Amino acid sequence: MSDSTINFALLDNHNYHQWKEDAAALLRSKKLFRLVTGVKQRPSAPGDAQDEWDEDAEAAAGLLARMVDK
């Protein structure tokens with residue numbers, strides 16, 4: 001599947017090291033890198049901050065899924 005935000009090779013059996021760098025750069029540009037790496041933890045108190053974290057987590061999961069060659 002093509003995505004205009006993903007302008008690098010999708011992850012396959014041969015390109016992990018380059019893909020990792022490209023994926024990290026894209027996640028950083030979308031301010032999702034800290035969430036994906038676990039630096040930004042989900043807030044424990046229910047509310048807007050928790051909802052925002054959940055939405056960012058869903059966005060990150062969807063983006064990562066589109067970065068993998070199926």
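The values are calculated or read from the model by the stated rules, or taken from the named source; none is laboratory data. These figures come from a predicted structure and were not determined experimentally. Cβ: placed from backbone, ideal geometry, glycine included. Neighbour counts: every protein chain shown. With ligands, DNA and RNA removed, areas are computed over all heavy atoms of the protein, side chains included. Shrake-Rupley method; radii C 1.70, N 1.55, O 1.52, S 1.80 Å.
Could you grab me the full set of residues in the range 37-61 that are assigned to a helix (DSSP H, G or I), exposed (fewer than 11 other Cβ atoms within 10 Å of the Cβ) and under 15 Å from the mean Cα position of the chain (by Cα)? Result: T37, E55, E58. Quick one: in the range 1-14, of everything that is more than 15 Å from L64 (Cβ to Cβ) and among the polar types (S, T, N, Q), which residue is surrounded by the most Cβ atoms within 10 Å (Cβ to Cβ)? Here the residue is N7.
Is at least one residue of the range 29-36 touching a Phe, Trp or Tyr at 6+ places or on another chain (Cβ under 9 Å), assigned to a loop (DSSP other than H, G, I, E, B), under 23 Å from I6 (Cβ atoms) and open to solvent by 50 Å² or more (accessible area, probe 1.4 Å)? Checked the range 29-36: no residue is touching a Phe, Trp or Tyr at 6+ places or on another chain (Cβ under 9 Å), assigned to a loop (DSSP other than H, G, I, E, B), under 23 Å from I6 (Cβ atoms) and open to solvent by 50 Å² or more (accessible area, probe 1.4 Å).
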